[in-house]
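One structure below.
The values are calculated or read from the model by the stated rules, or taken from the named source; none is laboratory data. What you are looking at is a predicted structure, and each value in this text was computed from that prediction instead of being measured. Here the Cβ is made from the backbone with ideal geometry for all residues, glycine too, and neighbour counts use every protein chain on show. The protein model used for the area step is the full one, side chains on, heavy atoms only, and it has no ligands, DNA or RNA in it. Shrake-Rupley method; radii C 1.70, N 1.55, O 1.52, S 1.80 Å.
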Amino acid sequence: SIQHYINVQDRHRANKYLSDFASLIRKNFESAQQSFVPLEEELQNIQTYIGLEKMRFGDKIQFTLTVEPNVDIEEWMIPNMLLQPLLENAILHGILPSPSPGEVTIHLSSQGTDLKIEISDNGIGLENSKLSKLGDSHKSRGTELIQKRLEALRSFSKHPLLLSYQTPFPQQKNPGTRVCLQIPADLYTHWKQSQASKH
């Protein structure tokens, strides 16, 4: 993408893309040093990432983030780098294979005392994505790694840490995918206590 902007002599966009890309790398590196990050920080990183993808693919991608009033993004601590791989899946495996423009939405709400995060897209859907990859030697590890991380994190909470997949538009040509992630309110507190007990 940067090469494209340079080749067409769009220096402003080339500089903007390079600056945002460097910022995302720096933020991801900083986040990688921590097991949990403030939800507000994670959302900022996500919006930088989405901004890069929109510059890269243009009008092919639309993005909407909604946060319910009862969700305090400054107070919530969530496992780091958990949302970006889910967004990447929505864009790369859901929307881009479709000939139609797509939309990714993130909706944050409270489920009792838990945090509920829904990432939805109107892409080709999980089944169509699997069919399109038949015979492809490349194997994506993103979802598998997320499942392993969640398994490890579940030991720190007395309440379930849930990840589920749904089909939001089953009757349409593009059935889409909705990923629902439910994070218990006590997860960060119990993880922090376990770390303190080690020292």
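Using a cut-off of 19 Å between alpha-carbon atoms, which aspartates and glutamates can reach LYS173, once sequence neighbours fewer than 8 places away in the same chain are excluded?
In chain and number order, the partners are GLU103, ASP121, GLU127.
When only C-alpha pairs under 8 Å and at least 6 residues apart count, what is the relative contact order of the chain, in percent?
18
Go through 24-37, 47-60, 110-123 and give me the packing order, highest mean Cβ count within 10 Å leading.
110-123, 47-60, 24-37
Could you go through the stretch 113-128 in sequence order and give the Karplus-derived ³J(HN,Hα) for each residue, using 6.51 cos²θ - 1.76 cosθ + 1.60 with θ = phi - 60°, rounded to whole Hz, and x for Gly and Pro?
Computed from phi, the couplings for the stretch 113-128 are 9, 7, 9, 10, 10, 10, 10, 10, 9, 10, x, 6, x, 5, 5, 5 Hz.
Helix-derived [θ] at 222 nm for the chain: sum -39500 (n - 2.57) over DSSP H runs of at least 4, divide by residue count, nearest 500?
After summing the helix terms and dividing by the residues of the chain, the value is -13500 deg cm²/dmol.
With a probe of 1.4 Å, find how much accessible area the stretch 36-131 has per residue, and write the answer as a whole number in Å².
The answer is 43 Å² per residue.
Residue by residue through the stretch 174-180, which ³J(HN,Hα) values in whole Hz follow from phi under the Karplus form 6.51 cos²θ - 1.76 cosθ + 1.60 (θ = phi - 60°), with glycine and proline marked x?
Each residue's phi maps through the Karplus curve to give 9, x, x, 9, 10, 9, 10 Hz.
Taking a ≥ b ≥ c as the square roots of the eigenvalues of the Cα gyration tensor of the stretch 1-79, is the shape rounded (a/c under 1.5), prolate (a/b larger than b/c) or oblate?
oblate
Identify, among SER197, GLN172, SER120, the residue whose Cα sits farthest towards the positive end of the charge dipole of the stretch 109-199, taking +1 on the Cβ of Lys and Arg and -1 on the Cβ of Asp and Glu, with the dipole about the Cα centre.
SER197
Using amide H atoms built in the peptide plane, which far-off residues or other-chain residues are under 5 Å from GLY102 H to H?
Amide H neighbours of GLY102, under 5 Å, 5+ apart: ILE61, GLN62.
Can you list residues whose amide H is under 5 Å from GLY123's amide H, if they're 5+ apart or on another chain and H is modeled 1.01 Å from N?
Residues meeting the amide H criterion: GLY176, THR177.
Shape verdict for the stretch 96-197, please, from the Cα gyration tensor: rounded (a/c under 1.5), prolate (a/b greater than b/c) or oblate.
Taking the square roots of the gyration eigenvalues as a ≥ b ≥ c, the stretch 96-197 is oblate.
Projecting each Cα onto the charge dipole of the chain (Lys/Arg +1, Asp/Glu -1 at the beta carbon, about the Cα centre), which of VAL104, ASN70, PRO184 comes out farthest on the positive side?
VAL104
What size of dipole, in debye to the nearest 20, comes out for the chain about its Cα centre when the only charges are +1 on Lys and Arg C-beta atoms and -1 on Asp and Glu C-beta atoms?
Around 640 debye, computed over the chain.
Could you list the residues of the stretch 51-74 with an amide nitrogen less than 13 Å from a label point located 7 Å from the Cα of GLN44 in the Cα-to-C-beta direction?
74
Taking a cut-off of 25 Å between Cα atoms, list the lysines near LYS16, but don't count ones fewer than 8 places away on the same chain.
LYS16 reaches LYS27, LYS54, LYS60.
Using Cα pairs under 8 angstrom and six or more residues apart, how large is the relative contact order of the stretch 20-97, in percent?
In percent, rounded to a whole number, it is 44.
Over the chain, with every protein chain in place, what whole percent of the accessible area is carbon and sulfur at 1.4 Å, could you tell me?
C and S fraction of accessible area: 51 percent.
Quick one: compute the contact order of the stretch 65-151, relative version, from alpha carbon pairs under 8 angstrom and 6+ residues apart, as a percent.
Reported as a whole number, the value is 31 percent.
What ³J(HN,Hα) values, in whole Hz, does the Karplus curve 6.51 cos²θ - 1.76 cosθ + 1.60 give for the stretch 54-65 when θ = phi - 60°, with x put for Gly and Pro?
5, 5, 6, 10, x, 6, 5, 10, 10, 9, 9, 10
With a 1.4 Å probe and all protein chains kept in place, how much accessible area does HIS190 have, in Å² rounded to the nearest 10?
Answer for HIS190: close to 50 Å² accessible.
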